[in-house]
Amino acid sequence: MEAIQLIFGEHDMTWQKRANCMGVDPELFYPERGASTKEAKSVCKGCVVREECLEYAIITGEKFGIWGGMSERERRRIRRARSLIRPRTVTKVTAS
Ligand code: SF4
């Protein structure tokens, strides 16, 4: 089993075959701190698997790079927002 399967579990990863960034220099998607992400995001903009890519990065907690047209900071905001709307666990309280 490949590492990517261990991380992503049973999720369908075939979307990667349709990625707009296939053949593009990967360094474009991992810019130096403070460098522009504009070029990478422009590749993502027309990508047909942008949603799948973004979801993958969010659920695996990808810490670096541009995924689904978003930076880590932008993805972190989504993760935070999701955690705020996740239903809380209700603990049943019984009288003793
Ligand atoms: S959204 Fe961007 S990083 Fe993700 S597969 Fe498409 S081109 Fe690549």
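The values are calculated or read from the model by the stated rules, or taken from the named source; none is laboratory data. These numbers were taken from a predicted model, which means no experiment stands behind them. All Cβ positions, even for glycine, are placed from backbone atoms using ideal geometry, and neighbour counts span all protein chains on display.
Below is a table of values for the structure above.
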{"read-out": "Selected residue (criterion: nearest to the ligand (Cβ to nearest atom)) from residues of the range 65-87 that are assigned to a helix (DSSP H, G or I) and exposed (fewer than 11 other Cβ atoms within 10 Å of the Cβ)", "value": "R73"}
{"read-out": "Members of the range 53-64 found to be under 15 Å from A19 (Cα atoms) and either of a type in the set (G, A, S) or surrounded by 19 or more Cβ atoms within 10 Å (Cβ to Cβ) (or both), listed by number", "value": "C53, L54, Y56, A57"}
{"read-out": "Residue in the range 3-16 that is more than 8 Å from the ligand (Cβ to nearest atom), touching a helix residue (DSSP H, G or I) at 6+ places or on another chain (Cβ under 6 Å) and modelled with pLDDT under 95 present", "value": "yes"}
{"read-out": "Residues of the range 18-46 classified as within 24 Å of R82 (Cα to Cα) and near the ligand (Cβ under 7 Å from one of its atoms), total", "value": "1"}
{"read-out": "Among the candidates Y56, Y30, residue that is within 16 Å of the chain's Cα centre (by Cα) and touching a residue at least 40 places away in the same chain (Cβ under 8 Å)", "value": "Y56"}
